[in-house]
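Everything on this sheet refers to the single structure shown next.
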Amino acid sequence: MTFFDKIKRKLSKICNSKPQFDPSRLNDELATKIQWTPAKRGGTNICTHSLKEISPGRMEFKIRAAAVLFPGIFLVIGIVILISMTIEVLKQDTEVSYFGFPFGIVFFLIGFFILRKWMIPRVFDRNIGYYWKGKNEPDHHGDMQNMKEYCRLTDIHAIQLLREYCRSSSSNGRSNSYYSYELNLVLKDGTRLNVVDHGKLSLIRADSEKLSQFLGIPVWDSTL
């Protein structure tokens, strides 16, 4: 790490340690009781999801077409390596395949699990009165104590927007820093549910406003 990199890291720590948002200005007692740290650590510097109106009573966060390219690169690399190694095996060159197959499998699995995670639906449906994350609708008569994946729309008190400073190391040893923006649901009991987390502030703000109008609840934006 160079001298200038050390200075940049110290300055970023100082900037992030300063209080940038006062929840008391929202004039809501619940806002002062909930946490204003990320509900889900980590994030991404690309825009992964956008809010779509499926019907007059239903909205969903769906993966953006451009975001598919990121896991798609891993999938393609993995498939190409696996095909190449299969050809080498057919040529009786098994020594190369011993090293190639694991790399191909790793690349493929990384792409597969990222894509699978990003493609999970995030649904707001006023017709049945629920928000849920997943392909299956919540059971009206099921156990509602597990609030990790779904909740009643009437239990949502506000939409919370947060900014998280993320840092990762590149292959050349340099630190890559970026902000990731988190949209959470704040329930009336103070519980927070993370909905999406990506790197496009203007889009997540626009989506939060659309969702605010759809649900009739305020947006608590700490990124301002």
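Let's see how each residue does on (1) part of a strand (DSSP E or B); (2) within 22 Å of Leu26 (Cβ to Cβ); (3) modelled with pLDDT of 95 or more; (4) not hydroxyl-bearing (Ser, Thr, Tyr):
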{"residue": "Asn146", "(1), (2), (3), (4)": "no, no, no, yes"}
{"residue": "His157", "(1), (2), (3), (4)": "yes, yes, yes, yes"}
{"residue": "Glu164", "(1), (2), (3), (4)": "yes, yes, no, yes"}
{"residue": "Gly173", "(1), (2), (3), (4)": "no, no, no, yes"}
{"residue": "Tyr178", "(1), (2), (3), (4)": "yes, no, no, no"}
{"residue": "Trp220", "(1), (2), (3), (4)": "yes, yes, yes, yes"}
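Closer than 23 Å to Gly199 by Cβ and not acidic (Asp, Glu) - does that describe any residue in region 77-94? Checking region 77-94: at least one residue is closer than 23 Å to Gly199 by Cβ and not acidic (Asp, Glu).
Scoring His140 on the criteria (1) farther than 26 Å from Arg41 by Cα; (2) at pLDDT 90 or above leaves a single failure, condition (2). Once region 107-127 is narrowed to residues that are touching a Phe, Trp or Tyr at 6+ places or on another chain (Cβ under 9 Å) and among the aliphatic types (A, V, I, L, M), the residue that is surrounded by the fewest Cβ atoms within 10 Å (Cβ to Cβ) is Leu109. Asn16 meets the conditions (1) at pLDDT 80 or above; (2) under 30 Å from Lys188 (Cα atoms); (3) part of a helix (DSSP H, G or I) in every case but one. The failed one is (1). Tallying residues that are more than 14 Å from Ala158 (Cβ to Cβ), of a type in the set (Val, Ile, Thr) and either part of a loop (DSSP other than H, G, I, E, B) or without any contact (Cβ under 8 Å) to a residue 40 or more places away in the chain (or both) within region 182-206 yields 0.
The values are calculated or read from the model by the stated rules, or taken from the named source; none is laboratory data. These numbers were taken from a predicted model, which means no experiment stands behind them. Note that each Cβ is placed from the backbone with ideal geometry, even for glycine, and that neighbours are counted across all protein chains shown.
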